[in-house]
Amino acid sequence: MLKILSFLSALLISFSVAAQENKLPTPRTEGGMPLMQAVAARKTTRKFASRAIDPQTLSEILWTAWGITHDGKHSIPTSQNKQNLKVYVLQADGIWLYNPEKNSLKNISRKDVRSILNTQEFVKKAPLHLVFVGSDKKNSPMHAGSAYQNVGLYCASKGLNNVVRGYFDHAALGKELNLQEPEEVIVTQAIGWSK
């Protein structure tokens, strides 16, 4: 009986951890570098300090990628208003799915799966990876491109390094994210502070 109770307790704890949702700080949507300066400063950089991204900065990164701006619209346009993009966050503390309506992160797994992306040496130090997932082969890649471009401009404004990547095991990452057909990983973006 004690074994059964222990098993049920462990199951309940693992379920509550998996269902955890963390509210993010409200993104600051004013200030920062002027747009034309951010465009001029935007670049791909493959060097990262291992320092974690703080919650405020993470909130602003996600808001620029796929947040809600005005009239319930996302921060990027979507073809035919499909709204079929998902943004996952990979960090040392696991896999999280961004919920733009609540400005929160829902825990998918406590497993650190960033090693799947370690097909290039420079990626190993990046503390944050965004994973852009879509369900439409025609339109979702355009949506992901708009999202990662917004993030790249934010990174330029904030002094963060970033690089967009497609060289990794897409199927293995999709499995860890528990994707369902027709969802698929489109691209990832490694983000971190300058060394």
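The values are calculated or read from the model by the stated rules, or taken from the named source; none is laboratory data. Please read all numbers here as calculations on a predicted model, not as lab measurements. With ideal geometry, Cβ positions are generated from the backbone for all residues, glycine too; neighbour counts draw on all protein chains shown.
The table below gives the values:
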| read-out | value |
| --- | --- |
| All strands (runs of 3 or more DSSP E) inside the range 48-148 with 1 or more residues being of a type in the set (K, R) and at pLDDT 95 or above | 85-91, 104-109 |
| Condition broken by H74, with the remaining ones in (1) in contact with a helix residue (DSSP H, G or I) (Cβ under 9 Å, 6 or more places away or on another chain); (2) closer than 13 Å to K158 by Cα satisfied | (2) |
| Hits in the range 185-195 (condition: in contact with a helix residue (DSSP H, G or I) (Cβ under 9 Å, 6 or more places away or on another chain) and surrounded by fewer than 19 Cβ atoms within 10 Å (Cβ to Cβ)) | K195 |
| Boolean, S140 is surrounded by 17 or more Cβ atoms within 10 Å (Cβ to Cβ), over 13 Å from the mean Cα position of the chain (by Cα), over 20 Å from R42 (Cα atoms) and small (G, A, S) | yes |
| Selection from the range 28-55 of residues that are among the hydrophobic types (A, V, I, L, M, F, W, C) and in contact with a strand residue (DSSP E or B) (Cβ under 7 Å, 6 or more places away or on another chain) | F48, A49, I53 |
| Positions within the range 108-126 being of a type in the set (S, T, Y) and in contact with a strand residue (DSSP E or B) (Cβ under 7 Å, 6 or more places away or on another chain), in sequence order | S109 |
| Pair list, Cβ < 6 Å and 6+ apart or interchain, from the range 20-42 residues that are in contact (Cβ under 8 Å) with a residue 60 or more places away in the chain to residues that are among the charged types (D, E, K, R) and surrounded by 13 or more Cβ atoms within 10 Å (Cβ to Cβ) | E21/K106; P27/E60 |
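The rows are residues; the columns are (1) more than 15 Å from the chain's Cα centre (by Cα); (2) more than 15 Å from G192 (Cβ to Cβ).
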{"position": "T44", "(1), (2)": "yes, no"}
{"position": "A49", "(1), (2)": "yes, no"}
{"position": "D54", "(1), (2)": "no, no"}
{"position": "D93", "(1), (2)": "no, yes"}
{"position": "R114", "(1), (2)": "no, no"}
{"position": "T119", "(1), (2)": "yes, yes"}
{"position": "F122", "(1), (2)": "yes, no"}
{"position": "S135", "(1), (2)": "yes, yes"}
{"position": "S146", "(1), (2)": "no, yes"}
